Structures are given as C-alpha cells and as structure tokens.
Amino acid sequence: MAANGAYFLAHVLLGGGDRPSDLAVHGALVPDLVGSGGEPWRLVSASFLHSGLWHLLPNVTALLALGPLVEQAYGHRGFLVLYVTSALGGALLSSVAWSGADVSAGASGALLGVAGAAMWHSGARAGSDPRQMEPYSPVAEPTAGLAAGPERAQRLLAWLLALLIAANLVSGLFLAGSDAWNHVGGLLCGLLVGTALHPATGGQRPRRTVGVDLAFWVCIGVLGYAGAAMVI
C-alpha cells in the first residue's frame with residue numbers, strides 16, 4: 001500500500017498526469033517497450049503506477065481490507081510472493097494480448113491475485129474437517145483474519161470474494177481503458193501461487209519453508225531490478 005502511494009506521489013511531483021504519454025514515461029506497461037524496447041522492468045513498475053486518485057484510492061482501499069487477512073493466512077513473505085507474482089502474471093498476459101502501443105497501469109491484477117488466493121483459502125477452510133480447525137475466539141484472536149472463524153463464515157467469505165472478483169472481471173470488459181487481460185492473468189496467478197503456497201492442511205496456518213523463503217528473495221530481487229532499471 002505504501003509503495004503504491006509513494007509511486008503515485010513521485011509520479012505527480014514529476015509532473016505526471018493521466019495522459020498515456022505521461023504514464024509511459026513513468027513506467028506504465030507498453031508491450032512494444034517491454035519486448036523490442038528492452039524494458040522488461042515495466043512488467044513490475046506498471047503494477048505500482050496509477051493515473052490519478054480515482055484510480056489509486058479504490059485499489060489502496062481494497063489492499064487495506066484484504067492485505068491483513070491474506071498476510072495472516074500466508075505470512076508476510078507469502079503475501080509478498082503472491083502480490084509480485086500476480087502482478088507479473090497479469091502484466092505478462094496483458095503484454096501478449098494487448099496491441100503493441102497500448103498503455104496500461106494499476107495494481108488491479110495484483111489485487112485480484114491476492115483476492116483469488118484469499119477466496120481459495122477461505123473455500124479450503126470451509127471444506128476442512130472442523131475438528132482440525134483452530135477454535136475461533138474474537139476476544140482471544142481479534143486479528144485472526146482468514147485463519148480463524150466458523151465453517152459457515154469461511155464459506156460466506158469465499159462466496160463474497162468470488163462475487164467481488166466476478167464483478168471486477170465483468171466491469172473490466174466494458175469500462176474504457178480497463179485492462180481485462182491484466183485482471184485475468186493476475187487472478188490466475190493468485191489462484192495458482194496461493195494453492196502452491198498453502199495446500200489444504202485442515203485449516204492450519206502454513207509453515208514457513210525454504211521454498212517460500214527462496215521465492216521471497218527472488219521477488220525482492222525482481223523489485224530491486226525494476227527500481228534500479230527505472231532510475232538508471
């Protein structure tokens with residue numbers, strides 16, 4: 001959330017607006033520049049760039065609501081892996097599907113990936129053996145997030161997330177300038193990576209593994225590369 005806000009502030013302070021040319025200068029996804037232009041870092045930077053407050057605030061609000069829940073379920077490192085891989089997956093599919101000169105920016109693909117992982121986790125918990133699930137106490141565990149709650153609540157949360165995702169995907173097909181391919185790619189990556197990071201384990205919180213640690217540091221390297229490439 002802080003990274004999205006800081007990037008938007010830098011974009012505005014450097015004179016950027018919502019014009020495609022301004023967004024392209026400051027790191028938006030432009031398929032031609034990613035491929036033949038030799039600027040693959042745009043696959044990452046575009047997911048942190050927003051064209052205006054009307055674009056930034058809904059995404060930040062959604063991240064503020066979903067972020068703590070998903071971090072509780074997947075851990076801090078798992079959350080970062082989910083966010084970055086969903087952002088990359090959405091940007092990759094978008095760069096292949098869109099025409100070469102199209103300009104795209106925003107965190108929607110990454111957010112849909114996070115929402116997809118949250119939906120899968122809630123659905124998996126709702127189908128777990130209740131005897132293996134941690135007891136829920138709103139007093140003892142006020143911030144238990146996705147990792148706590150009765151089966152019915154988990155199932156309801158999964159359905160609500162599914163409806164939210166469906167509404168976002170459908171609106172992306174009809175809103176001018178919306179990158180529907182980015183949304184689809186981010187969602188698919190979120191579901192796949194979320195399943196890989198947190199297989200059904202009877203509702204238990206996933207344990208930190210070497211694989212998660214390795215993926216975390218790879219994502220840190222990807223973010224570092226994108227940041228350095230933009231500055232240079």
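The values are calculated or read from the model by the stated rules, or taken from the named source; none is laboratory data. Keep in mind the model is a prediction, meaning the values are calculated, not measured. Neighbour counts are summed over all protein chains in view; Cβ atoms, including those assigned to glycine, are modelled from backbone coordinates with ideal geometry.
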Of everything in segment 71-105, what is at pLDDT 85 or above and either of a type in the set (Gly, Ala, Ser) or touching a His at 6+ places or on another chain (Cβ under 8 Å) (or both)? Give them in sequence order. Tyr74, Gly75, Gly78, Ser86, Ala87, Gly89, Gly90, Ala91, Ser94, Ser95, Ser104, Ala105
Go through (1) at pLDDT below 80; (2) under 13 Å from Gly78 (Cβ atoms); (3) surrounded by fewer than 20 Cβ atoms within 10 Å (Cβ to Cβ) for His198 and report which single condition fails. (3)
Return the residues of segment 45-70 that are surrounded by 15 or more Cβ atoms within 10 Å (Cβ to Cβ), more than 12 Å from the chain's Cα centre (by Cα) and not polar (S, T, N, Q); say none if nothing qualifies. Ala46, Leu49, His50, His55, Leu56, Pro58, Leu69
Of those in segment 33-51 that are of a type outside the set (A, V, I, L, M, F, W, C) and not in a loop (DSSP other than H, G, I, E, B), the residue farthest from Val103 (Cα to Cα) is Ser45
Answer with yes or no whether Val170 is more than 30 Å from Ser36 (Cα to Cα), modelled with pLDDT under 75 and part of a helix (DSSP H, G or I). yes
Top-ranked residue of segment 17-30 - restricted to ones that are of a type in the set (A, V, I, L, M) and more than 25 Å from Val81 (Cα to Cα), ranked as surrounded by the most Cβ atoms within 10 Å (Cβ to Cβ): Leu23
When you go through Leu14, Leu33, Leu9 one by one, which is the residue that is more than 18 Å from Ile220 (Cα to Cα), surrounded by fewer than 21 Cβ atoms within 10 Å (Cβ to Cβ) and touching a residue at least 12 places away in the same chain (Cβ under 8 Å)? Leu14
